[in-house]
Amino acid sequence: MISDRLVGAIVLTLVVVFVLRYPQQIVRSIRRWGRDEPERVILDRPTFDEVARRMRGLVRPSLLLVGADTPVFSKLGGDPELATELPWPAGERRPLSFLAQFDLAEVQAAAAIDWLPKHGYLYFFFDQDRHVSDDMVRVQHVAAASTGLRPAPKGVWRRFRERRVAFELRRSAPSLDWLGIYASELELSDSEFASLNGIGDTPPTGNIQHRIDGYPDEIQPESMAISCECSFRALDKPNPGAPVPAELEAAADDWRLLLQLDSDSGLKTEWGDGGRLYVFVRAQDARVGDFTRTVTLEHCY
Amino acid sequence: MASDSFARGGRARSVPDPDRKGYDEMIRHHRAHMAASERRSGSPNHSPHGAVDYLAAGIVHVLNGPREARQEVERGHLLKGIVHGATSAADLEFGRSVVNGVRRGAFKISGPHDWKSVRKWMGEKGLAAEREHVHHWAIPQNGWGKAVPDWIKNQPWNGRPMETTLDHIRTHSRSLKFDLPRFNALERYWNSTPRWWKAANASAAGHAVELTDRPKQGQDASPQGSRRHSR
């Protein structure tokens, strides 16, 4: 039989540890105790037809990255074909991990993307020490590439497996999240919701999707363009349901999906639990070859 | 008002008790009846038999918890009372969450079970608020969860709405923006698992303590044991 004193000591110790260690969480938990039903006043709810029409009008090309059958420059993972005179990008503590490289001529041959330069090479590097900050991916745009592989310097966080990629042209429609519409408030039937998701022909959310251009396939509800603009201006994101300033919304239209990189066991990439990296750039910056001001977001399950 | 020795704390009556003989006779008769009944059925007749009996006994036990806790405190067993009380609270919270969850759609029976449809369903049923990140707390989407079909893992019961995006970030990694580390195991348990799961855990732990504290079968015949079960 367990004595009262022992039980008491265990209970009291747990209570004391919890209160001292997690005071904020306890206060927050008490506050949310009675909160079950999220309340929201819905004004001007758009109809299914209006939303579908808007989505169709915004369809953009998107390039799905698939395994290449022929020798190409563009690839995910491995070692970069980076000119030796260029310094390997370094973070605060160590050299960055190489993510991907693309020949813009190969990209433009697959689909004419008006906001990307016609020539040059893009290199993507990942900074593990800045993981889940908007500059965790660094992009370099260079005029000339190297034909030889440049092995990663010592101390990089990870070397991903290599996959040469070709581009498959798809049509991408914005999600309800991108449009700033909360899916649940539309009261759509499952078939209506599926038909909205089927306006483009990008693979379903559950599939691996590495993509360039088009719209992001979000895992969590977030207006990514607004998030990018807020991040760019060092502003806090607007609260859910709060009106977004018109000027901010207009500026958010400039953001383009430069790269969506999925968790992929073939490449040994894993972003959170089955998550994705979304690298965005402003169209006007990309046009002039300025990829220094990208914003990267991450979603996972 | 009771007048037996229990009500007097085991002390002898100061005046003659005219009902004592009849009362003792009644108790003897009752015990003989119970023993005969147990011999006939081969098991103690106070045990529930069918599923409905078990359910009813469980509900009665849960509802009786606060009373039992109060009685423990009245007997001077403060800590037992606390354990009983906490267990009862956990039982009631767990029951409330399960009933509420089932009523509101914690199980999405019919498809589709892709994540976006399930997330939309959670919003419609009031299980997650707008823009709230929902975390797969029990069965992950990737890793070993890859082998689990969507209709099992993409269910509202497996989705833990995260109060802030920061909490979701810190469940998986540190937050550089706020210079906060990744949640440790205890913090993940507290912040990233649903309330009903914590209530179920607390309830299970409380009942385990109660079980270890329960007198062995041979002790049940004693007046202490009889009192425990006669309430």
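The values are calculated or read from the model by the stated rules, or taken from the named source; none is laboratory data. Keep in mind that what you see is a predicted model, and the values were worked out from it rather than measured. So basically every Cβ, Gly included, is an ideal-geometry build from the backbone, and we count neighbours across all protein chains shown. The protein model used for the area step is the full one, side chains on, heavy atoms only, and it has no ligands, DNA or RNA in it. Shrake-Rupley method; radii C 1.70, N 1.55, O 1.52, S 1.80 Å.
Contact residues in the stretch A:117-143 (at least 30 Å² less accessible area with all protein chains than alone, 1.4 Å probe): A:Asp129, A:His131, A:Val132.
From the helices alone, meaning DSSP H stretches of at least four residues, give me the mean residue ellipticity at 222 nm for the protein assembly as shown, per-run term -39500 (n - 2.57), in deg cm²/dmol to the nearest 500.
-12000 deg cm²/dmol
Partner shielding of A:273-280 amounts to 3, given as the average count of beta-carbon atoms from other chains within 10 Å of each residue beta-carbon. Residues of the stretch A:192-209 buried by at least 30 Å² of accessible area upon assembly of all protein chains, compared with the chain on its own (1.4 Å probe): A:Phe193, A:Thr205. Normalised per residue, the accessible area of the protein assembly as shown is 53 Å², obtained with a 1.4 Å probe and no contribution from ligands, DNA or RNA.
Convex hull volume per residue, computed on the Cα atoms of the protein assembly as shown, equals 207 Å³.
Let me have the relative contact order for chain A, percent, based on Cα pairs under 8 Å that are six or more residues apart. It would help to have the intermediate numbers written out before the result.
On the way: 521 pairs, mean separation 62.4, N = 301.
Across chain A, relative contact order equals 21 percent.
Any chance you could run the full-extension gain for A:Asp253 through A:Arg56? It's 0.36 nm times the residue separation minus the Cα-Cα distance, nm to one decimal. Before the final figure, lay out the partial values.
Working: separation 197, 0.36 × 197 = 70.92 nm, distance 1.64 nm.
Here the answer is 69.3 nm.
Full extension of the chain between A:Asp49 and A:Leu86 yields a length gain of 8.1 nm, computed as 0.36 nm times the residue separation minus the alpha carbon distance. Highest average first, the peptides B:118-129, B:133-144, A:142-153, A:214-225 ordered by how many other beta carbon atoms sit within 10 Å of their residues are A:214-225, B:118-129, B:133-144, A:142-153.
Count, for each residue of B:126-139, the Cβ atoms from other chains sitting within 10 Å of its Cβ, then give me the mean as a whole number.
Details: counts 6, 4, 3, 10, 10, 11, 4, 7, 4, 5, 4, 2, 0, 2.
The shielding value for this peptide is 5.
Helix A:23-32 and the longest principal axis of the C-alpha atoms of chain A enclose an angle of approximately 80°.
Taking the chain by itself as reference, the stretch B:151-181 contains these residues with an accessible-area loss of 40 Å² or more in the full protein complex (1.4 Å probe, heavy atoms): B:Glu163, B:His172, B:Arg174, B:Leu176.
Between B and A, buried accessible area from a 1.4 angstrom probe totals roughly 4900 Å², ignoring ligands, DNA and RNA.
The peptide list A:164-170, A:291-297, put in order of mean Cβ contacts within 10 Å with the highest first, becomes A:291-297, A:164-170.
Let me confirm one metric for peptide B:119-125, namely the mean number of other chain beta-carbon atoms within 10 Å of its residues' beta-carbons.
Numbers: counts 8, 11, 4, 1, 8, 6, 2.
That average works out to 6.
Helix A:4-21 axis versus longest C-alpha principal axis of chain A: approximately 40°, rounded to the nearest ten. The stretch A:268-298 and the stretch A:122-187 have their alpha-carbon centroids 5 Å apart.
For the pairs B:Lys125/B:Lys153; A:Lys75/B:Lys153; A:Lys154/B:Lys146; B:Lys80/B:Lys198, note any where the Cα-Cα span goes beyond 27 Å. Violating the 27 Å Cα-Cα cut-off are A:Lys75/B:Lys153; A:Lys154/B:Lys146. Accessible surface of the protein assembly as shown, 1.4 Å probe: 58 percent of it comes from carbon and sulfur atoms. Relative protection proxy for A:199-212, B:65-78, from highest mean packing down: A:199-212, B:65-78 (other beta-carbon atoms within 10 angstrom).
Listed by chain and number, the lysines whose C-alpha is less than 20 Å from the C-alpha of B:Lys177, apart from same-chain residues fewer than 8 away, are A:Lys237.
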